[in-house]
1. Using Stokes-Einstein with the Kirkwood hydrodynamic radius over Cα pairs, what translational diffusion coefficient do you get for the range A:17-68 at 10 °C and a viscosity of 1.306 mPa s, in µm²/s rounded to a whole number?
2. Given a 10 angstrom Cα cut-off, can you work out which residue in A:A85, A:A108, A:A247 is the most mobile in a GNM of chain A?
3. Can you list residues whose amide H is under 5 Å from B:C257's amide H, if they're 5+ apart or on another chain and H is modeled 1.01 Å from N?
4. State to the nearest 20 debye the size of the charge dipole of the protein assembly as shown about its Cα centre, where the only charges are +1 on K and R beta carbons and -1 on D and E beta carbons.
5. Residue by residue through A:101-108, how many Cβ atoms from other chains fall within 10 Å of the Cβ on average?
6. List the distances, in nm and shortest first, from the label point of A:R44 to the matching label points in every other copy, placing each point 7 Å from Cα along the Cα-to-Cβ direction.
7. What aspartates and glutamates does B:K328 reach when the alpha-carbon gap must be under 15 Å and sequence neighbours fewer than 8 apart in one chain are set aside?
8. List, shortest first and in nm to one decimal, how far the label point of A:E218 (7 Å from Cα along Cα→Cβ) is from its counterparts in the other copies.
Protein chains: 2
Amino acid sequence: MSRESLPPTPASSVPTLADVARMANVSTATVSRCLNSPDQVAERTRTRVMAAVKGLGYAPNFGARALASKQTNTIGAVIPTMENAIFARGIQAFQEELGRHGYTLLVASSSYQEALEEEQIRTLTARGADGLLLIGFHRNARVYEFLKTRSVPALVAWAYDAENNTPSIGFSNKHAMVDLARIVFEKGHRHIGMISADTTANDRARDRLTGVKLAAGEAGLDVDRMPVIETTYSIECGVEAFRQIMAWTPRPTAVFCGNDVLAIGALRAAKEMGLSVPGDVSITGFDDIELASLAEPALTTVHVPHREMGRRAAGMLVDMVTKKITPKSVELQTDIRLRRTLGPPPT
Amino acid sequence: MSRESLPPTPASSVPTLADVARMANVSTATVSRCLNSPDQVAERTRTRVMAAVKGLGYAPNFGARALASKQTNTIGAVIPTMENAIFARGIQAFQEELGRHGYTLLVASSSYQEALEEEQIRTLTARGADGLLLIGFHRNARVYEFLKTRSVPALVAWAYDAENNTPSIGFSNKHAMVDLARIVFEKGHRHIGMISADTTANDRARDRLTGVKLAAGEAGLDVDRMPVIETTYSIECGVEAFRQIMAWTPRPTAVFCGNDVLAIGALRAAKEMGLSVPGDVSITGFDDIELASLAEPALTTVHVPHREMGRRAAGMLVDMVTKKITPKSVELQTDIRLRRTLGPPPT
DNA sequence: TTAAAAAATGTAAGCGCTTACATTTTACTG
DNA sequence: CAGTAAAATGTAAGCGCTTACATTTTTTAA
């Protein structure tokens, strides 16, 4: 067993920068430059180095690169769940755009639990995420501080607030809901109800509820007597909540749902209860997931540009990471999709 | 500006292991052990170290850890797209289980393009993924070789093949389809058609088609004359394909669809064409996505345990990475969900 | 009480890369 | 062709951690 010399043929293990350098007869610095800023290297050298890279099947070691350059080219996203089609769609677009910029996506999900979200944010940060995509503003101030001391830029999506100093991309859940609710009131509804997602740790749900209340106030309704049921994100819960809300006196002639999934549940419940939609009761959703236009009757809802949001979020985050800037929050437009589930109240 | 001494207070930057060591009055090795194998450290020391960790708000540097330990605790997954609910669901479960084992998920999507998939596999490998989750077996042999030389363990999901030496977790697409098709033929259908996803780079689609053909052969049909349309994964494509296939002579009385999304499209097309389902034509899907039971009439399809697959895939992959074993492939059971879209052929 | 074994801790050598700075080569100018 | 600027390349110092091995401390057994 000889030893004591610069390892000439590094066994059969994974080739390193040094191997490439040796083969191409240059220093490791030159190889590194070939890979990271090719135009700093003379063409002849570059060709030679690249040949060596190819010949050896060299690929840079991630850890070493991260350690030396202090960045991972990785962006983290903490979302409630991918099973929710709206996030799946947005994240898909987010990831595609990230890829175009040479970034990779690290994902974690919070299952709508605040504590878990905090943990995931810490995990992704520890995993070296250069930047973070977060959903909504609501979270412990401690988390924002943590991100600041670690100087990990974060972008909030699916929510919009020009005032907040965390940049965001999204839409005003409140305004969107106000717009929808106004249309509903114009149809003449005076007794309404709302099935909302849990509002405790979910500012989006909260804003949507606020929107309905605002518009209701405008229309002269007694907002305090409006039945509101908070429940979990699932069709079954929508069914159950709808039953409860229709037991109210006076019985609502229109039921706002905080999202399409709950609305689909409501729709099904109505069917089971033998109620005609929109003859006996109107139902509205929010998100415009695929199911919305497929439902029978098709669901009136608020259309949200999820893909666009994901795509642009990626661009913003990459800018934040590379240029170290804090972009302006961007507000996306939602629009009302009037479909069959909305009609005038029964006479 | 003084200098020349071991940096005592490292400015306000991120604390390192050395800072913790200094504060707790131990060596960096001890701190490292406290974090990675706590029971090798005396309780008193550990308490002191942990206090320092907390006091300093220390979190290990990912790159350094990866470089030194040669592992990232990160698992990569390359899926066609998250917009497909079946992958979203499976990946969600995958990620949750990964988290339970202390692993983080890195995702990339191939958009069903073979070349892109290869690129993504290389990217995730370069990003330091300790192991990889891949969908289906079909890919260039070069990719498998690459993975082998880099010794990155890979697990194939959504497909099952006990013979293949890449371990897998999934189900037999062929058998599942045979089972479904047999039921269809028992109803008396003699003229069938199939709307399939693109089979070129998709072994799952191919196997499903094979399944239908096998059962058709069993039933004594002339397999070669069976109309098959290959199209893209989308409701619209399903609509279009269904129109074409119903123009065939003799007109099919049952149309198999390679997945539920195509089936939903077919269903809609049937409605638009004024055909009764299953009165005039029966339609079947595959996957049992949420939409399947919500459709009107509800779709007969093959139920696949996506979540279970994701969850167990995570466990297997973690074993592969940590214990360096190659697990046995596991076959999951699918089952037929007989719903309203299947009936006997018109008389 | 003491030697040997076991447990705890420390020392220091990398891991493979990037990059500031130093040096060499090439290109240009008068 | 010398003299200088610009371009290309090399040198080597880390980046922050893990871990084999060495050393010290504690425990155990005789």
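1. Values: Rh = 10.9 Å.
The calculation lands on 146 µm²/s.
2. Per the Cα network of chain A with a 10 Å cutoff, A:A247 tops the list.
3. For B:C257, whose amide H was placed from the backbone, the distant partners under 5 Å are B:I195, B:T284, B:G285.
4. Numbers: 78 positive and 74 negative charges, 412 e Å.
Taking the Cα centre of the protein assembly as shown as origin, the dipole is about 1980 debye.
5. On the way: counts 0, 1, 1, 12, 5, 7, 9, 6.
Per-residue shielding by partner chains comes out at 5.
6. Inter-copy label distances (nm, one decimal, shortest first): 6.8.
7. B:D161, B:E163, B:D319
8. Going from nearest to farthest copy, the values are 6.2 nm.
Since every read-out is calculated from the coordinates, none of them should be taken as a lab result. Just so we're clear, the structure is a prediction, and the values are computed from it rather than from any experiment. Cβ sites come from the backbone with ideal geometry, for glycine too, and all protein chains shown count toward neighbours.
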